[in-house]
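The values are calculated or read from the model by the stated rules, or taken from the named source; none is laboratory data. Note that the structure is a prediction, hence the values are computed from the model and not measured. Quick reminder, even Gly has a Cβ in these numbers, built from the backbone with ideal geometry, and neighbours come from all protein chains shown. Remember, those area values only see protein heavy atoms, side chains included, never the ligands or the DNA or RNA. Shrake-Rupley method; radii C 1.70, N 1.55, O 1.52, S 1.80 Å.
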Amino acid sequence: QVQLVESGGGLVQAGGSLRLSCAASGMILSINDMGWYRQAPGKERELVASITSGGRTNYADSVKGRFTISRDNAKNTVHLQMNSLTPEDTAVYYCNANLQRYFVISAKDYWGQGTQVTVSS
């Protein structure tokens, strides 16, 4: 089986920073895109940032210039550095990875359990 385990969420004041991390483990042959999504109460889950295996990044307009996504392919990890946080960033943040497992024909998406980020004003 495959597991994505997130860490680094918490409570921070507006203007502060947090760093989220996600580690993928299990029978993984290769990982394609990795990313972070978030879901605020009453809202749909949205893409925050993504990164390809080659390091190409994509960001939601709302976080450009404040958040930075990075990954370590050797360790199957992805990180999200979040700076200048605002109360509007409050949400549950989910790690996502599109990966290929050993002995399985097609790649598919896997999700972490989510980590709460709360930004107080």
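Assorted remarks:
- Square roots of 5 times each gyration tensor eigenvalue, C-alpha, the stretch 33-121, largest first, Å: 25, 15, 10
- Simple label model, 7 Å out from Cα along Cβ direction - Gln113 to Val2, nm: 1.9 nm
- Only protein atoms count toward the accessible area here, which uses a 1.4 Å probe; on the chain, the carbon and sulfur part of that area reaches 48 percent.
- Proximal charge balance of Arg101 [Cβ under 13 Å; K/R count +1, D/E count -1]: 0
- Taking Cβ atoms as reference points and 13 Å as the exclusive limit, the residues near Gly35 contribute a net charge of 0, counting Lys and Arg as +1 and Asp and Glu as -1.
- Taking θ as phi - 60° and the Karplus parameters 6.51, -1.76 and 1.60, the scalar couplings of the stretch 53-68 work out to 5, x, x, 6, 10, 9, 10, 5, 4, 5, 10, 4, x, 10, 10, 9 Hz in sequence order, x denoting glycine and proline.
- Lysines whose Cα lies under 24 Å from that of Lys75, excluding same-chain neighbours fewer than 8 positions away: Lys108
- Net charge over other residues, Cβ less than 15 angstrom from the Cβ of Ala14 (K, R count +1; D, E count -1): -1
- Excluding ligands, DNA and RNA, the accessible surface per residue across the chain is 54 Å² with a 1.4 Å probe.
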